[in-house]
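Everything on this sheet refers to the single structure shown next.
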Ligand code: ATP
């Protein structure tokens, strides 16, 4: 990507996301609602495709990981057991002058307001991030429940039901994708830190012996996902081992990505020991031990977790894909012009193939051709504007292949396929189009 100042680059990405309907602020007509985002047609297509790739990689291509889709609201005791009710908080303070609120751990100097420079700050105080609601007809303390702050807790609760239903034996994993909610003090950096977001988590249950090998295995697998599936350049990623470990953890490492605003955590890989299972065993007063038939012993499974935010991953993909280069133009007096392009891998592009009739008279032909591919790829029929403008539009939404149906197509039964990154064009017989695109798009 061409070098650009941080703010400009991020501003351009945010503005492209809005202009092309990827992501926009929730409740915009009411002035927006901080920390909440809506994904428009291209945004949801991208997000679903990324989630699909994760699920394929983590669940469907393995025989030792199964899926779960649990409720968002669980028994309130779950969050007591997990420690979220008592300890899941950030330390915050307010500037008495300009009224800005800060997370103390994010302030370069915790004695000085980062916004106005004042030293007149409130004393730091703890703030719980759990979002509360009430379940039942009475809105009192007894009926408080919580929106889940992470998707993994229900996995621990359902471990034995899943094990019995599937007859899985250790070691095996349970994966879940779903919404999580955190009352973040300072939602920021577009979707990077939101109050409602989706997580993709996998808890791998194993015996303590050998668990560090599983930790290393999953760290490598997740690293490979960024390189091989999302095609991130290796220099944009790094592994950040945690300096301080939770008392129950044997190891923890974050995979970080270099966003335009700096390095940020994408994913955590955590060795959680038996902590979660033992907490739920204690609070539920149920025996949650596993009977290991291989040696007839009973123990609480040790857990290795991989945990990533889907929205954060999508943001990293957008940042990684964004580029400006030059392309030929039909503008008067100019041979070429700046081209904004999103270099998504074809597997996750919101539109994988666009069909462009060269003239309005060919709209029906292009539409008939598109109809043959509906459901096979994510497609779009793009009929407005001259062909150059349509290519630009497709570049901006990251469409890797544009198929143009022209007047010659009526004669030679062939179409022009234009590739986004090289802008090269190739004439392909319609009879071969499916085989050609399958190889390029489905991989
Ligand atoms: P951070 O330090 O950024 O607050 P965390 O260490 O609390 O994150 P985890 O609780 O480990 O994060 O959550 C796992 C993943 O969920 C993170 O790596 C991130 O991708 C995602 N995530 C966490 N909080 C948010 C948020 N507020 N908005 C978007 N994604 C989030």
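Structure summary
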read-out: Those residues of segment 246-260 which are under 30 Å from residue 83 (Cβ atoms), more than 13 Å from the ligand (Cβ to nearest atom) and surrounded by 12 or more Cβ atoms within 10 Å (Cβ to Cβ), in sequence order; value: 248, 250, 251
read-out: Residue in segment 325-336 that is in contact (Cβ under 8 Å) with a residue 24 or more places away in the chain, within 29 Å of the chain's Cα centre (by Cα) and surrounded by fewer than 16 Cβ atoms within 10 Å (Cβ to Cβ) present; value: yes
read-out: Any chance residue 113 is buried (at least 18 other Cβ atoms within 10 Å of the Cβ), outside any loop (DSSP other than H, G, I, E, B) and more than 16 Å from the ligand (Cβ to nearest atom); value: no
read-out: Residue under evaluation residue 57, criteria (1) at pLDDT 85 or above; (2) in a loop (DSSP other than H, G, I, E, B); (3) under 28 Å from residue 189 (Cβ atoms), criterion not met; value: (2)
read-out: Strands (runs of 3 or more DSSP E) lying entirely in segment 274-357 (those with 1 or more residues that are farther than 30 Å from residue 8 by Cβ, touching a helix residue (DSSP H, G or I) at 6+ places or on another chain (Cβ under 8 Å) and away from the ligand (no atom under 16 Å from the Cβ)); value: 290-292, 302-309, 353-357
read-out: The lone exception for residue 380 - which of (1) under 27 Å from the mean Cα position of the chain (by Cα); (2) outside any helix (DSSP H, G or I); (3) in contact (Cβ under 8 Å) with a residue 60 or more places away in the chain it fails; value: (3)
read-out: Filter pass, residue 147 being farther than 25 Å from residue 318 by Cα, within 15 Å of the ligand (Cβ to nearest atom), touching a residue at least 40 places away in the same chain (Cβ under 8 Å) and crowded, with 17+ Cβ neighbours inside 10 Å; value: yes
read-out: Residue match in segment 119-128 (condition: without any contact (Cβ under 8 Å) to a residue 24 or more places away in the chain and away from the ligand (no atom under 16 Å from the Cβ)); value: yes
read-out: Qualifying positions in segment 181-200 - more than 7 Å from the ligand (Cβ to nearest atom), within 19 Å of residue 128 (Cβ to Cβ) and within 14 Å of the chain's Cα centre (by Cα); value: 196
read-out: Pair list, Cβ < 6 Å and 6+ apart or interchain, from segment 306-324 residues that are over 21 Å from residue 38 (Cα atoms) to residues that are within 13 Å of the ligand (Cβ to nearest atom); value: 306/202; 306/222; 306/269; 307/201; 307/268
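The values are calculated or read from the model by the stated rules, or taken from the named source; none is laboratory data. Note that the coordinates shown come from a computational prediction; the quantities given were computed from them, not determined experimentally. Every residue, glycine as well, gets a Cβ built from its backbone with ideal geometry; the counts of neighbours run over all protein chains shown.
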